[in-house]
Every structure is written in C-alpha cells, then in structure tokens.
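What follows is a set of notes on a single structure, which appears directly below.
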Amino acid sequence: MVIRIAAVGDVHLDEDVVGRFRPALEELPDCADVLLLAGDLTRHGTESEARCVAQEFGGLGVPVVTVLGNHDHQCDQVPQVVKVLEDAGITVLEGNGVVLDCAGGRLGIAGVKGFGGGFAGRCASDFGEPEMKAFVRTTNESAESLGKALRSLDCDMLVALTHYSPVPDTLAGEPLEIYPFLGSYQLGQAIDSAPTALALHGHAHAGTERGTTPGGVRVRNVAHPVIKQAYSVFHVGDQHDSDQVSPIGRSGSQRSWS
Amino acid sequence: MSHHRDSGAGPPDEYVEAEIHRLLAEDPAVAEQGITVVRRERALVLYGEVESPHRRAEILRRVAERFPDVPITSDIGVIRAQAPTEIEQLP
C-alpha cells in the first residue's frame, strides 16, 4: 500500500506570485493523491491574499488540505480567509482531521497550526506572568487538540500536518536562539501519541528537510525556501519486499561501518 | 558622574541590525521573517530568499529609505518553483 503525498508550506502568496506555482501544480494528478499545505499561505492573512491562494491552489484535480500559519493570522481575518479557501474546495484543518480515500488506502490527516515554546529541557513554562502562561497554554492546547485529532481518525495511514515544528531536527540552520519561536516539543509528543506515519511542517525557512520525533515518526520540513521546488512528493507505505529492506534497530546504536 | 557617550557616528551597528531585522518582519510592505542581516566590515549584508523579484526590490527600497546612511549589500534570491524531479520513498 503506497499513498503519494505532495506537500509545501510557506508559499506566502499575494498578487505578485500568482501563477508561479501553477505549471508545476498542473502535474499533480499524475504524481500525487493529495496536496498538503503547511501554513503561511499568505503574506498578511487578508481576504484578497486568500483569493490568490484559492486561484493558485484551487481546482487542481487532487484534494488539497491545509493548516494556517502565523502570517495567515496577521490581519485578524481568519474566518474570511478560511471561507475563501473552503469555497475553493480546500480543506482547512485546525485541531481536527479528515480521511481521504486514496488508491493506496484511507489517508487520515490531522492538522493544527501549532505554536512556539521550545524543546524538551529548553522550553518556556506555564509559570509566572499572565503573558507567559498564556503563551505556553496556547502551545499546550494546540498540541492537545492535534493529539486528540490524530487519535480520533479511522484510517490506514496517518499524517500530522502543522505549521510550527514538532522537533528541533528540522530547524538545523536556524539560529538556536529562535528555536522557541519555531516550534515546540509538545507537538512531537502529540504526534507520538498516535500511530503517525509522517509529520509535515513549515515555518522554519532556514531549517533542513529531515528529522524524526523521539518516538521515531519521520518529520519533514516542507517550507518552500527549504525544499526549493513547487512541492515535495513522498511515497509513504510498503513499497519494497520486506527481505530487501533491513529494519531499523530500536537501539539505533549499531553502525555498519564500526 | 557618568556621561552619555555620543560619538556622533549614529547608533551602534548592533542596534541598526536589530532595527532592520524588525523592519523586515513588521513593515507590512515587506513582512519577511526569513531574511538574515549580517554585519560585515564594510556593510550590512542581507541574505535570504523571497517569492518574487518584486519583493526583493521592495526590501532594498524600504531599508534604503529607513537607513539612508547605512551601506547595505544584498544577496537575496528568488525561490525556484519548478515541479520536483525526484520523490522520497518512505517505507
């Protein structure tokens, strides 16, 4: 069973960018079962920018599922942005999920924007000033809703879609000092609370593509400046005979060259 | 008693760097969080990638307008948007 997932984030559309992605997007029905967008679809989160997104990513011939990013919140027009996207047939997730029937099986996607906070041992705490507590509670609530959505889906393959990063691995290249603004370990913990096959995020423009959660779930940063192409395509599922592929050892300590 | 030291040479480079960084993120005409400002001996250099040549030009115009006396050089690219040529297998 293989499901073909195309994904990109941080496309930051406005009128000056409309049409740039479209030639590559027209090829999607031949190479993917679904397109996932990892937030920051717009520059400032206005209704008119959302119409640019609808024009660019609407009517593609494959289902399009998205979360919003921090840029999409900038002008406090989230309901209008969501409506424009949904009118164009794009599914917008925030603390919920969707199951799509693909040729390779039922693909469940749970999504949330997520929030910052930092990573284990170097993160903000729910303590002190009201502003700090509000910050961390936003993170906690976001992660909890992601975990709940992931665990609720009845599907053959489960994918987590966020804007903020669930792991520090895919932030490599960003200044360490800003990691707490780029993601939070609670998102990783939520992803690990369900049998997730793949986690996709954006937000970290100077980060790197690949990482894993502490529980072993593969994480990919699909921010456009990171992947440097219109979208990446992942073939997820069993595609080799089990004899051909060595299982990854749980300890991870054995190295073939040692 | 201490005296406020004013060399007459404008604010220290570090504050200029911070101001440019915030301008790029907070100015609605720019709204770019992914541009890095690096201090070099002769100039401040802007690195990063944007979605269109128009946005790159706007960044340089806004920074030059706000800091007319600061020498700025730019190495900002426009991100390619071609279809992928390879897929990643995730068994």
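Look through the stretch A:185-197, keep the residues that are of a type outside the set (Ser, Thr, Tyr) and surrounded by fewer than 22 Cβ atoms within 10 Å (Cβ to Cβ), and return whichever of them is nearest to A:ALA120 (Cα to Cα). So, considering only residues that are of a type outside the set (Ser, Thr, Tyr) and surrounded by fewer than 22 Cβ atoms within 10 Å (Cβ to Cβ), the one nearest to A:ALA120 (Cα to Cα) is A:GLN189. No other residue among B:ILE79, B:ILE87 is facing chain A (nearest Cβ under 9 Å) and touching a Pro at 6+ places or on another chain (Cβ under 6 Å) apart from B:ILE79. As a summary of the residue check, B:GLU51 satisfies the conditions (1) of a type in the set (D, E, K, R); (2) over 11 Å from the mean Cα position of the chain (by Cα); (3) more than 10 Å from chain A (Cβ to nearest Cβ) except for the one numbered (3). The residue that is farthest from A:LEU68 (Cα to Cα), among those in the stretch A:207-217 that are within 11 Å of another protein chain (Cβ to nearest Cβ) and surrounded by fewer than 21 Cβ atoms within 10 Å (Cβ to Cβ), is A:ARG210.
Restricted to the stretch B:38-71, and to residues there that are of a type in the set (A, V, I, L, M) and at pLDDT 90 or above, the residue that is nearest to A:HIS205 (Cα to Cα) is B:VAL50. Specify the residue that is surrounded by the most Cβ atoms within 10 Å (Cβ to Cβ); the eligible residues are those in the stretch A:218-227 that are at the interface with chain B (Cβ under 7 Å from one of its Cβ atoms) and closer than 11 Å to A:VAL11 by Cα. Only one residue fits best here, namely A:HIS224.
Residues checked against (1) more than 20 Å from the chain's Cα centre (by Cα); (2) under 30 Å from B:ILE35 (Cβ atoms); (3) crowded, with 16+ Cβ neighbours inside 10 Å:
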| residue | (1), (2), (3) |
| --- | --- |
| A:GLY117 | no, yes, yes |
| A:ARG122 | yes, yes, no |
| A:ASP126 | yes, no, no |
| A:SER142 | no, yes, yes |
| A:GLY147 | no, no, yes |
| A:ARG151 | no, no, no |
| A:THR170 | no, yes, yes |
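Where strands (runs of 3 or more DSSP E) sit wholly within the stretch B:42-91, those with at least 1 residues that are polar (S, T, N, Q), in contact with a helix residue (DSSP H, G or I) (Cβ under 9 Å, 6 or more places away or on another chain) and farther than 16 Å from B:ALA25 by Cβ occupy B:72-78.
The values are calculated or read from the model by the stated rules, or taken from the named source; none is laboratory data. Computed from a prediction, not measured in an experiment: that's the story for all the values here. For neighbour counting, all protein chains shown are included, and Cβ atoms are generated from backbone atoms with ideal geometry for every residue, glycine included.
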